[in-house]
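Shown next, in structure tokens, is the structure this report addresses.
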Amino acid sequence: MTPEEKLQELGLELPALRPAVGSYVSCVRTGNLVFTAGQGVDEYHGKLGRDLTTEEGYLAAQQSMLNLLAAVKNEIGELSKIKQFVKLLVMVNSTQEFTEQPVVANGASDLLGKVFGEKGNHGRSAVGMAQLPGNTAIEIEMIVEVED
């Protein structure tokens, strides 16, 4: 089963590629590594711990990962070319008191596990931010190893 078929089985689909909101591209490939730009979300806005619950943050992280996968697919053609997810940087727009950034980040990590199995295992940082562009609840960037 391809990753795209697995997403469909989960009732999820890749969104259209989001346009850049600055002077950058969504992905850069060097050798067999793809580095993504950060992807926020269009649906969830505000601060975790004030405007949004941890559960809403989890869903925002899942949506951000779908946005990232759409960007990677646009770059490499098929998600089955992904060899390994190397690293995620999960930035959570949160209040100073909010400490559940890792739980929020699990929305992205859990999705990778469901869709890619062992290939979805990755290193990760989950950090709180004072603000994110457009007041998005989350922004994630990642590094992916791909096969030629």
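The table that follows gives values for the structure above.
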read-out: Considering residues of the stretch 128-148 that are touching a helix residue (DSSP H, G or I) at 6+ places or on another chain (Cβ under 6 Å) and open to solvent by 10 Å² or more (accessible area, probe 1.4 Å) only, the residue farthest from Glu56 (Cα to Cα); value: Glu147
read-out: Count of residues meeting criterion [among the basic types (Lys, Arg) and assigned to a helix (DSSP H, G or I)] in the stretch 112-143; value: 2
read-out: Candidate set: the stretch 53-78, residues that are open to solvent by less than 20 Å² (accessible area, probe 1.4 Å) and either touching a Phe, Trp or Tyr at 6+ places or on another chain (Cβ under 8 Å) or not in a helix (DSSP H, G or I) (or both); chosen: the one nearest to Arg29 (Cα to Cα); value: Ala60
read-out: Hits in the stretch 32-52 (condition: touching a strand residue (DSSP E or B) at 6+ places or on another chain (Cβ under 7 Å), in a strand (DSSP E or B) and farther than 30 Å from Leu79 by Cα); value: Leu48
read-out: Scan of the stretch 49-107 for residues that are within 19 Å of His122 (Cβ to Cβ) and among the acidic types (Asp, Glu), ordered by number; value: Glu75
read-out: The lone exception for Thr95 - which of (1) open to solvent by 50 Å² or more (accessible area, probe 1.4 Å); (2) over 15 Å from the mean Cα position of the chain (by Cα) it fails; value: (1)
read-out: Ser109 being polar (S, T, N, Q), within 22 Å of Lys47 (Cα to Cα) and either open to solvent by less than 10 Å² (accessible area, probe 1.4 Å) or in a strand (DSSP E or B) (or both); value: no
read-out: Unique match (being within 17 Å of Val144 (Cβ to Cβ), crowded, with 20+ Cβ neighbours inside 10 Å and of a type in the set (S, T, N, Q)) among Thr30, Thr36; value: Thr36
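The values are calculated or read from the model by the stated rules, or taken from the named source; none is laboratory data. The model shown is predicted, which means the values in this text are computed figures rather than measured ones. Because the Cβ atoms are built from the backbone with ideal geometry, glycine has one as well, and the counts that use them run over all protein chains shown. The protein model used for the area step is the full one, side chains on, heavy atoms only, and it has no ligands, DNA or RNA in it. Shrake-Rupley method; radii C 1.70, N 1.55, O 1.52, S 1.80 Å.
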